[in-house]
Every structure is written in C-alpha cells, then in structure tokens.
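Below is one structure, written out as structure tokens; the observations come after it.
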Amino acid sequence: MRKSAKDENKITTSSGNVFADLGFDEAEAQVLALRADLMAQLEQTLKARKMTQVAASKVLGVSQGRVSDLARGKVEKFSLDMLVTFAAKLGKPAKIELGQGS
C-alpha cells in the first residue's frame with residue numbers, strides 16, 4: 001500500500017532520544033545515546049585543542065584509523081568503556097548520573 005502525501009509529511013514529536021524513536025529498546029537506546037553524546041564531546045575536545053589525528057592517536061593510545069572512526073561518528077565501533085577511557089586520557093573524566101525515574 002502506498003503512503004499518501006499527508007502520511008509522508010507527518011511530523012512526529014521526538015521522545016528526546018533519537019535511538020528510542022528509531023525503535024531500539026529503552027536500555028539499548030540509552031547506551032547508544034550516551035555513546036553518541038560522549039563521542040561528540042570527545043571530537044569537540046580534539047578540535048578545540050587543534051589536535052591532528054596522529055597526535056590524538058598517541059594521547060589516546062590507539063591507531064590514527066581509530067581516531068578517524070571517532071571523528072566520523074562511527075558509534076558502532078566504540079564501547080562505552082572505550083569512550084570513557086578516551087575521556088580520561090584527555091583529562092576530561094566522564095560522569096554518568098541517574099535520572100529521576102518513576
């Protein structure tokens with residue numbers, strides 16, 4: 001069945017987590033969102049310090065290719081543990097806080 005133009009242009013309000021909106025279960029959506037956010041902050045830190053990928057690879061203890069993956073936002077290639085380790089090596093310790101759940 002073909003979608004009508006009205007259905008194709010329908011705007012759905014975000015839940016605040018794009019991964020949940022895409023259909024991931026709540027737990028996985030939270031981990032994916034944390035990883036994506038941490039990756040973005042790490043990339044901003046590297047840019048602010050004007051670090052080349054080679055320089056960043058030495059500080060982070062990984063290959064330049066891994067830094068390239070980070071810069072390209074390849075979330076699936078990094079565990080949350082690895083990203084927290086990168087943050088610590090950059091002198092920016094990560095912190096996770098629990099929200100006010102029901």
If I compute Rg/Rh (Cα atoms, Kirkwood Rh) from the structure I just sent, which labelled value in (1) 1.03; (2) 1.11; (3) 0.94 lines up? (2)
Cβ-based exposure ranking for ILE96, ILE11, in which fewest neighbours within 10 Å come first: ILE11, ILE96
Can you tell me the 0 to 90 degree angle between the C-alpha axis of helix 80-89 and the longest principal axis of the chain, rounded to 10? 40 degrees
Once you keep just the Cα pairs under 8 angstrom separated by 6 or more residues, what percentage relative contact order results for region 22-89? 41 percent
How many angstrom separate the Cα center of region 3-71 from the Cα center of region 76-102? 13 Å
Just subtract the alpha-carbon distance of ASN17 and LYS95 from 0.36 nm times their residue separation and send over the number in nm, one decimal. 26.2 nm
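Bear in mind these aren't lab numbers, they're just calculated from the coordinates by the rules spelled out. Remember, predicted model here, so these are calculated numbers, not experimental data. When we count neighbours, we look across all protein chains shown, and the Cβ atoms used for this are built from the backbone with ideal geometry, even at glycine.
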